[in-house]
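Asks: Here's a structure for you.
The values are calculated or read from the model by the stated rules, or taken from the named source; none is laboratory data. Please read these numbers as outputs of a predicted model, since none were measured by experiment. Positions of Cβ are generated from backbone atoms using ideal geometry, with glycine treated the same way; all protein chains shown enter the neighbour counts.
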Amino acid sequence: MPDFTLNRRFIIAAILLVSGSILSAQTDTLRLIFAGDIMGHAPQVQSAEVVKNKKYDYAPCFKYIKPVLERADIAIGNLELTLPGKPPYTGYPMFRSPDDLAGALKDAGFDLLVTANNHANDSHALGVTHTIDVLRDRGFIQTGTFKTRRDRDAFYPLMVYKNGFKIAIVNYTYDTNGVPTQAPTIVNLIDTVQMRADLQEAVARKPHYIIAIMHWGVEYQLKENAEQERLARFLVRNGADMVIGMHPHVVQPVKNERVKMPDGSIKEAIVVYSLGNFISNQKQPNTDGGILFQVDLLKKKGSPEVRVGKQGIIPVWRYIHKPGDAKATYHTLPVSMLERNAEYFKGMSASGRASMLKFAEGVRKRLGWQEVK
């Protein structure tokens, strides 16, 4: 007769052994999605207007991209406009959008917005402070511009805690279009002395990962320039683990850059030179879309060592939908979803679909980078 007591003990021991192995190998995962330039041209403002100068509905703009953004633990975008809190609301060259846009971006799935860009001062000091207040009130994490020096000292470098990770984020812009920053507000400018000091402070706080988000480069150029490459290497040498670029309004290369560190070792870091536009009314070649960059950060529980897991691009396209005599509506669309299912967005014109596919083909061919479906 078999010894069931012995067998039961063996089974229990085996279960405990397997369970212990699973727990010891368990990893923390943090999925990040980065989006490009969130613009607010005059036709976009007019399209969203429900009650003149009072109520604006931007929800339709992000309806179709929302499921993509929501799969991120942290979705990050560049808010390239100001929220002055009162009309007039204007587009280029001084971007002033209604506060309602912030609520729509939050509902769409964005968690963190950077605001150091060349349009940060478009509504002067009031625009800087009110934009920060609105974003914080809507539940966003925000960095790059600050109400005061004390504000910057307290919240910069930005530390974000999520899923067992401590992430440091720094954000800078090349200029503010010649519009001076009015005291006591601060807009982070690209200044290697200041950036080195900020990165040293970030490193001293012992985050698991450091991300630099840069507003740089030359508009409408499909390749990065020497200055971007130089700054990317500088950032990595001084502690950045990943560099994400904005501003050119077109997609530029995504590269695994190998950088020689001060101790002679080689560090490899992802550099996205430009994500292009997330939403805009720009009509120049290659500006009618961009990419999202998705990356999973992984680490064993209790370990400070982070490795990069699944990563890739998600092409997005700006579609201006104008049915009959109705107002135009701006949409950010995930290209691959529409390729797999034409019914995902109903009513797209044949010419619109052709333009979308042409844009996506160009991006994929230029980047040659793995795409996340």
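Asks: Where in region 282-373 are there strands (runs of 3 or more DSSP E), lying wholly inside it, with at least 2 residues that are among the charged types (D, E, K, R) and at negative phi?
Replies: Once the strands (runs of 3 or more DSSP E) in region 282-373 are filtered for at least 2 residues that are among the charged types (D, E, K, R) and at negative phi, what remains is 289-300, 307-321.
Asks: Right, another one. Could you tell me whether ASP151 is over 20 Å from PHE278 (Cα atoms) and among the acidic types (Asp, Glu)?
Replies: yes
Asks: If I go through region 52-104 residue by residue, how many of them are over 17 Å from ALA42 (Cα atoms) and among the β-branched types (Val, Ile, Thr)?
Replies: 4
Asks: Is there a residue being assigned to a strand (DSSP E or B) and either of a type in the set (S, T, N, Q) or surrounded by 24 or more Cβ atoms within 10 Å (Cβ to Cβ) (or both) anywhere in region 261-270?
Replies: no
Asks: For residues in region 330-373 being closer than 19 Å to PHE293 by Cβ and of a type in the set (Ser, Thr, Tyr), which is modelled with the highest pLDDT?
Replies: Across region 330-373, the extreme among qualifying residues is THR332.
Asks: Take ASP151 and decide whether it is over 30 Å from VAL372 (Cβ atoms) and surrounded by fewer than 18 Cβ atoms within 10 Å (Cβ to Cβ).
Replies: yes
Asks: Follow-up. Scan region 117-148 for residues that are of a type in the set (Asp, Glu), touching a strand residue (DSSP E or B) at 6+ places or on another chain (Cβ under 7 Å) and surrounded by fewer than 18 Cβ atoms within 10 Å (Cβ to Cβ) and jot them down.
Replies: none
Asks: For VAL50, indicate whether it is within 24 Å of ASN177 (Cβ to Cβ) and touching a Phe, Trp or Tyr at 6+ places or on another chain (Cβ under 7 Å).
Replies: The answer is no for VAL50.
Asks: Name the residues in region 47-80 that are more than 15 Å from the chain's Cα centre (by Cα) and either surrounded by 15 or more Cβ atoms within 10 Å (Cβ to Cβ) or under 23 Å from LEU275 (Cβ atoms) (or both), would you?
Replies: Across region 47-80, the qualifying residues are SER47, ALA48, GLU49, TYR56, ASP57, TYR58, ALA59, PRO60, CYS61, LYS63, TYR64, PRO67.
Asks: Here is a follow-up. Would you confirm, using the coordinates I've provided, whether SER274 is surrounded by 21 or more Cβ atoms within 10 Å (Cβ to Cβ) and either farther than 14 Å from VAL68 by Cβ or modelled with pLDDT of 95 or more (or both)?
Replies: Here the answer is yes, as SER274 does meet what is asked.
Asks: Within region 133-156, how many residues turn out to be closer than 18 Å to HIS215 by Cα and in a helix (DSSP H, G or I)?
Replies: 0
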